[in-house]
Protein chains: 2
Amino acid sequence: MTATDKWMDLLANDRLLLDRASTAERVADILRQRVIDGALTPGTQLSEEGVGKALAVSRNTLREAFRLLVHERLVVHEFHRGVFVRVLSVDDVVDLYRIRRLLETSSVQRAAGAPKALVEAVSEAVAEGERAARDERWWDVGTANMRFHEALVALACSPRANETMRQVLAELRLAFHVMSRPREFHEPYLGLNREIADLLAAASWRTAAERLDAYFDTAETQLVEGYGSYRA
Amino acid sequence: MTATDKWMDLLANDRLLLDRASTAERVADILRQRVIDGALTPGTQLSEEGVGKALAVSRNTLREAFRLLVHERLVVHEFHRGVFVRVLSVDDVVDLYRIRRLLETSSVQRAAGAPKALVEAVSEAVAEGERAARDERWWDVGTANMRFHEALVALACSPRANETMRQVLAELRLAFHVMSRPREFHEPYLGLNREIADLLAAASWRTAAERLDAYFDTAETQLVEGYGSYRA
DNA sequence: CATTGCAGGATTGTTGAACAATCCTCTACG
DNA sequence: CGTAGAGGATTGTTCAACAATCCTGCAATG
């Protein structure tokens, strides 16, 4: 029966990829990707006619897709005016760091019972960031940094927490796009991430949590002034 | 100029209440309320034709509303089959308690800088629960209990954390509806809530967080067996 | 000069109908 | 007993139409 169980798992994966995908969701996927990778910059309007014609979907289907993205806060919907790629305010960025602090420090604090593979995922994300930094791929450094923090929350073994964290990080991408110096912004955190990952690997949960808490103290203030001066 | 600033704030509030409300959002509001108060029990299908005719909205508008509720996890959408009021599994309930623990304990831990009014809101929620218990309004006891925990997260002063918590608690309503004994389920927590509120009022953040953590240890195990046996 | 009022055009909000795709049920057949 | 298929019901998606609202520019007014 263990052999069939393996097959079942594989089938379950494939079902998600192949089977279920309404047009609205796929449209949302595309737009989400474009917002995250910066092709759609904050502030640009997504007109129903324009996007609908470009993707060859009807206005109704498109509106369903817009609802999804609005709920994820990647776009804003102004009544009778349309949807726009979100422009994060400084308050938004502060709030994003605040909820990150709640989720991440708490997850690290009680990571004692987490599966070993999840702890290794943290170290792997750090290593990926270090590789990207060596090659001066600063955008990838930012991506790896996010994967690192996502891996921290994953220690809590809560699908909903993971989902919330994913959304928070996607929103933060909106802030990073208006930063003009990705290197100066992302590079300083490489050492901190490594330090925290090593503490986790050594099962020093409490120390890691304290280190992380200190990280947020500095990151938040640093970011506020950075975001205020770098934005378009 | 400070006088006009005051006016502006008031106007901004009113704009949210009076101005913006698309049909889809109002439909979602209605359905959300019906799911939360139990009129729509978990598992029931929300057919597009039925609900659309009942609320006198078109299918397209209704589908937009459904998308919102799907994203809030109050209903599930099965491709080519329809939307159904969500039936929480035991795993779901465990996960909900897990993310609650992350958000709540972390919020309480760093509540030192929270505005006094937010701390008082915690005590007020406890008092409301005690009043409801005295009158044997057990459903209201559950509502007050949720308001209590919502108030705990509010200490973190993060709109996004508040929103996440609201959603989590709305989901938990789905579990409470299949419990047959609201009194036995809600009453034991009254004393714990009071204890935590008093610790917060005394600025004993650390002790309060530890007490809350212990609360989750017992609540989670207690709930799993309770949910397994009480469900319809 | 600043402000107000008012077309006109463009965009969104909402509806209804239509057709395709899929699922469910029931029946008939091997 | 199992299964293959027909038929009906529901959902997925598009299209066209109209109402409601917003934006722009211009004229009128003080």
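Miscellaneous remarks
- For A:L46, the residues 5 or more places off, or on other chains, whose built amide H falls under 5 Å of its own are A:V83, A:F84, A:V85.
- Average projection, convex hull of the Cα set of the protein assembly as shown: 25.6 square nanometres.
- Build a GNM of chain B with springs between Cα atoms under 10 Å apart, and of B:G129, B:G113, B:G38 the one that fluctuates most is B:G113.
- 222 nm mean residue ellipticity, helices alone, for chain A (DSSP H n ≥ 4; -39,500 (n - 2.57); rounded to 500): -23500 deg cm²/dmol
- Cα gyration tensor shape of segment B:122-232, rounded if a/c is under 1.5, else prolate or oblate by comparing a/b with b/c: prolate
- Legend: ranking of residues B:D95, B:D29, A:D37 from fewest to most surrounding C-beta atoms inside 10 Å; resulting order A:D37, B:D29, B:D95.
- Of A:V119, A:V27, A:V57, the one that fluctuates the most in a GNM where chain A has Cα springs shorter than 10 Å: A:V57
- B:V94 label point (Cα plus 7 Å toward Cβ) to equivalent points in the other copies: 4.0 nm, shortest first.
- Of the residues B:L199, B:L69, the one with the fewest other Cβ atoms within 10 Å heads the list, and the complete ranking is B:L199, B:L69.
- Across the identical copies, how the B:R194 labels are spaced - nm, sorted shortest first, 7 Å along Cα→Cβ: 5.5
- Overall form of segment B:59-133 per C-alpha gyration tensor (a/c, 1.5; a/b vs b/c): prolate
- Shape call, chain A: gyration tensor on alpha carbons, a/c limit 1.5: oblate
- Label points for A:V224 are taken 7 Å from Cα along Cα→Cβ. From this copy to the others they lie 4.2 nm apart, shortest first.
- If you run the Gaussian network model on chain A, springs between alpha carbon atoms under 10 Å, then out of A:P182, A:P115, A:P42 the most flexible one is A:P115.
Rule-based calculations on the coordinates, nothing more; no lab input. What you see is a predicted model; the values in this text were computed from it and never measured. Neighbour counts are summed over all protein chains in view; Cβ atoms, including those assigned to glycine, are modelled from backbone coordinates with ideal geometry.
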